[in-house]
Amino acid sequence: LVDLRSGRVVRLFKGVRDAQCAWLQLDDGEESLYLAILAPQRKQIRVWRCRFGGCAAAFSVALENASLVQAPDATAFLAALRGDSLVLEPVQPDLERCRALADKERQLARLAGAQARCRAALQRADAKNDPVAARKAMKEAVKEESEENV
């Protein structure tokens, strides 16, 4: 998965040879983008929260020769032929699980930000060789972190 703005590889998916992908837009507390990956050899679809999120859902695929189809409205379907008819099954992860995953990731991002601010404040205090400033920076960072988690 490549971030086109920065040109950086954000995520690498291993073990999904001949995979098919589709994008899903879900409301998990905010409009978020998810990537559905059909791994035909595993007969499984996994839905991942982008950009740094975990696996939000995994589905077994019972249909033979199925394909993942992207719809224009950011939904996806699993398509396969059964006899003479086309079978379309929507790819729908559990929204409550997606919301819980998104909330956890947002909380971890806030914590990482507070930790980074704390490290920066400590480095500035160390550069000045001022232990009083270091203690004050630690107290402020802990206070900010506890306010963000409320």
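The values are calculated or read from the model by the stated rules, or taken from the named source; none is laboratory data. On a predicted model such as this, the values are computed, not experimentally measured, just so you know. All Cβ positions, even for glycine, are placed from backbone atoms using ideal geometry, and neighbour counts span all protein chains on display. We work out accessible area using only protein heavy atoms, side chains counted, and drop any ligands, DNA or RNA first. Shrake-Rupley method; radii C 1.70, N 1.55, O 1.52, S 1.80 Å.
Below is a table of values for the structure above.
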read-out: Per residue, in Å², the accessible surface of the chain once ligands and nucleic acids are set aside, probe 1.4 Å; value: 69 Å²
read-out: Cβ-placed point charges (K, R +1; D, E -1), dipole of the chain about Cα centre in debye, nearest 20; value: 860 debye
read-out: Förster radius 35 Å - calculated FRET efficiency between residue 82 and residue 3 (Cβ-Cβ, nearest 0.05); value: 0.35
read-out: Pairs of Lys in the chain closer than 23 Å at Cα, counting only those 8 or more apart or on different chains; value: 5
read-out: Length-normalised contact order for the stretch 50-89 - Cα pairs under 8 Å, 6+ apart - percent; value: 26 percent
read-out: Which of 50, 98, 21 is most accessible, then next, and so on - probe 1.4 Å; value: 21, 50, 98
read-out: Apportionment of accessible area to carbon and sulfur, the stretch 62-123, percent (1.4 Å); value: 55 percent
read-out: The chain pair-distance distribution - Cα-Cα, 10 Å bins, rounded %; value: 10, 28, 25, 16, 11, 7, 2, 0
read-out: Computed [θ] at 222 nm, deg cm²/dmol, the chain (DSSP H ≥ 4; -39,500 (n - 2.57); rounded to nearest 500); value: -12500 deg cm²/dmol
read-out: Cα gyration tensor shape for the stretch 13-72, rounded if a/c is under 1.5, else prolate or oblate; value: prolate
